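The values are calculated or read from the model by the stated rules, or taken from the named source; none is laboratory data. Keep in mind that this is a model prediction, so the values were computed, not measured. Cβ: placed from backbone, ideal geometry, glycine included. Neighbour counts: every protein chain shown. Side chains included, ligands, DNA and RNA excluded: accessible areas come from the protein's heavy atoms. Shrake-Rupley method; radii C 1.70, N 1.55, O 1.52, S 1.80 Å.
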Amino acid sequence: MSIFRKIGKENFLIIQLLSLICLFPLSYLLGNSIINLFLLIISITYLIFIFRKKIFSDFKDFTFISLILLWITYIINLIFSQDPSLSFNRVLKFFFIIIFISAIKYILRYKNYLFEKIIFKTWSIIFIIVFFDLVFEYFFGHNLTGNTSYMPGRLTSFIGDELVIGYFYIGFALFSFVYFNQEFENKKYNYLPLILLIGVSFLIGERSNFIKFFLTIFIFFFIAYELSIKKKIIGFIVTIIIIISLIYSSVNYKTRFIAQMPNIFEKNGIKKFMLNSTYGSHFNTGINVFKKNYIFGVGIKNYRVESVKEIYTKQNKDFRFQIMGTHPHQIHFEILSETGLFGFLSFTIFILYSIFYSLKSYFKSRNKYQLSAILFILCTLIPFLPSGSFFSTYTSVLFWLNFAIMTAYNKRKI
């Protein structure tokens, strides 16, 4: 019996939701406007389905209620925002993100995870196309559609001018690995694709995302696979050798991963990083904005206005590379500076409890898709590593997509 016969002829909206969610990774290759369009259509389709069928049980789900409470903290933040007009769109969008999360969880759980395979199969095919496109770009200097990177040592793939393909890569890489590993399992060599994934992540040239992905794969490998310690150590050593070889194979990679990397372990290394690097300057400005607005912050999306004020430029007059940006380029400093202690503590309590509950679920079910999502969330939240803007479309939607997968397997029927 086909999947569509199991759905039932009355559920055209289910087919529409499934199709949109399956194709969702494509939106990341087409830009923020398309991501927002997918987000909106998925959310509206799900709401229409829920109210038409009068299925309101998802609205009683603990995760849904917790997300609503988190959204309320953003509404409160909107009240105290320096310029509410800047914050409003992102606060409103978070409501649709909540519905988006519920839609993904509903579709994934539908009829006892009927769609699990087709969702991850489609995502994996899209990811594999991007994977080979990145390899092609590395060897030929342009991707399959002719896009070229304007920065030596960086790859762009289908996205084009914005050098952000690394975040898409780490967002879908483990889901793809788990799918293909389950379909074509070879226990003797199942660690080899992980090494290839790490290698291409390095070639992309996004240092922070590479470090996050390396840690993600390292933890995943040691938790998910029952290999001997000897084999795990050999796999780790082989990976390190490959990375070092890649670094020294190119002047561009040697520059990005050695010459431009700060040595924070030398004497006054952290101070030098904060005073003499672009990211250090961003971090320091974020800290100063938070200190001045420590209760409720300056408001979501208001950092870009606050950071250019004279009080911060005077404080940072000795910074050689002081750049006032749209965000502090670090997730924790961004949340602190824009939502204050109130928003930061609310988010921290919410996310830590969600991760804890999901980890408990994983160790009961051992579902590798759930583990992949948990590790993505954890590595996104690593302190001090640079990151994209947490409240922006590109970063936030992929974060909450993984959050949806992470929580969808809680209380799974085995």
Checklist entry - Do you know which residues across the range 21-36 are of a type in the set (A, V, I, L, M), open to solvent by 30 Å² or more (accessible area, probe 1.4 Å) and assigned to a helix (DSSP H, G or I)? => result L26, I34
Checklist entry - Name the pairs whose Cβ atoms lie under 7 Å apart, with the first residue in the range 344-355 and farther than 15 Å from Y74 by Cβ, the second open to solvent by 40 Å² or more (accessible area, probe 1.4 Å) and assigned to a helix (DSSP H, G or I), and 6 or more positions between them or separate chains? => result I355/L378
Checklist entry - Looking at (1) touching an Asp or Glu at 6+ places or on another chain (Cβ under 6 Å); (2) open to solvent by 10 Å² or more (accessible area, probe 1.4 Å), which is the one condition that is false for V135? => result (1)
Checklist outcome for this item: Selection over the range 297-325 where residues are open to solvent by 70 Å² or more (accessible area, probe 1.4 Å), closer than 18 Å to Y394 by Cα and either modelled with pLDDT under 75 or part of a loop (DSSP other than H, G, I, E, B) (or both) yields a count of 0
Item to check | Which numbered condition E185 misses (of (1) in a loop (DSSP other than H, G, I, E, B); (2) over 22 Å from E116 (Cβ atoms); (3) modelled with pLDDT under 90) | outcome: (2)
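If I filter the range 340-349 for residues that are modelled with pLDDT under 95, buried (at least 17 other Cβ atoms within 10 Å of the Cβ) and part of a helix (DSSP H, G or I), do I get at least one hit? Before the answer, list the steps.
Let us first name the residues in the range 340-349 that are modelled with pLDDT under 95, namely none.
No, there is no match, as no residue in the range 340-349 is modelled with pLDDT under 95, buried (at least 17 other Cβ atoms within 10 Å of the Cβ) and part of a helix (DSSP H, G or I).
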Checklist outcome for this item: Residue set Y169, Y191; condition free of Cβ contacts under 8 Å to residues at least 60 places away in the same chain, among the hydroxyl-bearing types (S, T, Y) and open to solvent by 20 Å² or more (accessible area, probe 1.4 Å); output residue Y191
Item to check | Residue among T45, T63 that is out of contact with any Pro (no Cβ under 7 Å at 6 or more places or on another chain) and at pLDDT below 95 | outcome: T63
Checklist entry - Which of the following residues is modelled with pLDDT of 75 or more and open to solvent by 50 Å² or more (accessible area, probe 1.4 Å): I243, I270, I233? => result I233
